[in-house]
Amino acid sequence: MTSRWQFCPCCGARLVDSELAGRRRLTCAAACGFVHWDNPAPVLAALVEYDGHILLARNHAWAVGAFGLITGFLERDEDPAAGVAREVREELNLEAVAMTLIGVYPFARKHEVIIAYHVVAGGEIRLNEELAEFRLITPDKLKAWDFGTGLAVGDWLARRAAA
């Protein structure tokens, strides 16, 4: 197990490595019933189309020159489509006027599952505190990368070329 969890959040007993549902799981040694399922976190990604261009952004924490899609975590009880519209609004100050699911992608490196949408957005771009800068790229200049949200970019580009 690679989890950092050591103690049960319900009763404080030590967690032990157990076989459960066909996988190794951390369970409460005191048998209070707690199981640390260690499921991946759902992440939303928006391939934002703005004024005929694709908007890529750079997070302050990223290296200069590193740009990507708009992303954020799905909130409890939130519909993924509503969540991606929220992320676009929060991070870019843009309103989603149309959206289409691109696909769902594993991102094992960060223990996440990416739910990616193509979002046509309008309004005036105003970056929030998370983002350092953005670029607008014509779709014909957009290139996919081979991990994370880049897989969604590749699928979107392939569908676009086939249409």
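Some points to look at:
- Nitroxide proxy distance, nm - points 7 Å out along Cα→Cβ at ALA158 and ALA132: 3.2 nm
- Cβ-based exposure ranking for ILE54, ILE70, ILE137, in which fewest neighbours within 10 Å come first: ILE137, ILE54, ILE70
- Cα gyration tensor, region 41-162 - rounded (a/c under 1.5), prolate or oblate: rounded
- In a DSSP loop and with at most 16 other Cβ atoms within 10 Å, the trypsin sites (Lys or Arg not before Pro) in region 9-110 are ARG76.
- Modelled this way, with points 7 Å down the Cα-to-C-beta line, the labels at ALA82 and LYS110 are 2.4 nm from one another.
- Straightening the chain between ALA31 and ALA66 buys 7.9 nm, computed as 0.36 nm per residue apart minus the Cα-Cα spacing.
- Cβ-Cβ FRET estimate between ASN39 and LEU142, R0 fixed at 30 Å, reported to 0.05: 0.40
- Separation of region 38-93 and region 111-148, taken as the distance between their Cα centroids, equals 7 angstrom.
Coordinate-derived values only; no laboratory data. Model, not experiment: these values are computed from the prediction. Backbone-built Cβ (ideal geometry, glycine too); neighbour counts: all protein chains shown.
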